[in-house]
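Student: First the structure, which I've put down as C-alpha cells, then a few questions once you've had a look.
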Amino acid sequence: MKAGLPLMFLAVALGASAGLAGWLVASAADVSVSEQTFGCILDWPQVRNTRIKHADPKELAEAMRIFRDSVPNKDYPVGTILQLVPFEAMVKHPREKFPKTNGWEFFALEVSPAGTKIRDRGDSVVNLSQGKTCLSCHQPAASFDFVCEKGHGCAPIPFNDEAIRALQQSDARCAKK
C-alpha cells in the first residue's frame, strides 16, 4: 500500500499540472482590456461605419473580411474590437469567458481629451440611451456572432450614417488637426 502512495501522488500531480497547463493556454489566448486599449476611433480601420481593431494584422484582416462580407456562422478572432461610436465597444474573448454572448464583452465608455474611462463592462452592460442591455439588441444577430449590421436582424439604432460619422469625427481623444 505504501508503494502505491507515491504513484498516486505522481498521478494527481501530473493531472493537476496538465489541468493547470490547459488553463494557462486558455488564458494566454484571451485578450487583456484596459482603458488604454481604447484610443482615437479615427485611427482604426473602417468597414462601412464600423471601426475594427486587432493587435495581430492577420487576425485584423480576418475580422475585417468577416464584417465586410457579413459572413454568417463564423466567429470573429479573439482580440477583435468593434466600435461604431466612441462611447461604446465590443471586445471578443474566448467563448467560455462570456458564454451568453459567444465571448463578446460590451463596454460603456466615457471619452475626453485625456483618454478613455470604462464606465461599465461585461455581458450585461446597459445602454443608457436605449434603456436596455447591449445583449438584448445584439441577440438577434447570434448567427453573425452577435454583431449587428443592416440585415443581421437587429433593431435599427437611433443614428443614421451621417450622425455616426459626426460622432466618430467628434471623438475627444483624437488630436485636432
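Student: Report, by residue number, each residue of region 88-100 that is buried (at least 20 other Cβ atoms within 10 Å of the Cβ) and free of Cβ contacts under 8 Å to residues at least 40 places away in the same chain.
Tutor: Within region 88-100, just Phe98 meets the criteria.
Student: Turning to a different aspect of this structure: Looking at (1) of a type outside the set (A, V, I, L, M); (2) more than 26 Å from Asp171 (Cα to Cα); (3) within 14 Å of the chain's Cα centre (by Cα), which one does His93 not meet, given that it meets all the others?
Tutor: Unmet for His93, out of (1) of a type outside the set (A, V, I, L, M); (2) more than 26 Å from Asp171 (Cα to Cα); (3) within 14 Å of the chain's Cα centre (by Cα): (2).
Student: Also, quick follow-up: I'd like the full set of residues that are closer than 20 Å to Arg95 by Cβ and touching a strand residue (DSSP E or B) at 6+ places or on another chain (Cβ under 6 Å), limited to region 125-177.
Tutor: Val125, Thr133, Cys134, Phe146
Student: Only one residue in Ser136, Ser129 is under 19 Å from the mean Cα position of the chain (by Cα) and more than 14 Å from Gly39 (Cα to Cα). Which one?
Tutor: The conditions single out Ser136.
Student: In addition: Output the qualifying pairs, or none if there are none: Cβ atoms under 7 angstrom, residues six or more apart or on different chains, first residue in region 45-67 and over 16 Å from Leu167 (Cα atoms), second residue at pLDDT below 95.
Tutor: Close Cβ pairs satisfying both conditions: none exist.
Student: Do we have any residue at all in region 139-158 that's in contact (Cβ under 8 Å) with a residue 40 or more places away in the chain, closer than 29 Å to Ala29 by Cβ and among the aliphatic types (A, V, I, L, M)?
Tutor: yes
Student: Could you tell me how many of the residues in region 139-164 are part of a helix (DSSP H, G or I), more than 21 Å from the chain's Cα centre (by Cα) and of a type outside the set (Gly, Ala, Ser)?
Tutor: 2
Student: Restricting to region 103-124, give me the number of residues that are buried (at least 18 other Cβ atoms within 10 Å of the Cβ) and not small (Gly, Ala, Ser).
Tutor: Of the residues in that region, 8 qualify.
The values are calculated or read from the model by the stated rules, or taken from the named source; none is laboratory data. As the structure is a prediction and not an experimental result, all values here were calculated from the model. For neighbour counting, all protein chains shown are included, and Cβ atoms are generated from backbone atoms with ideal geometry for every residue, glycine included.
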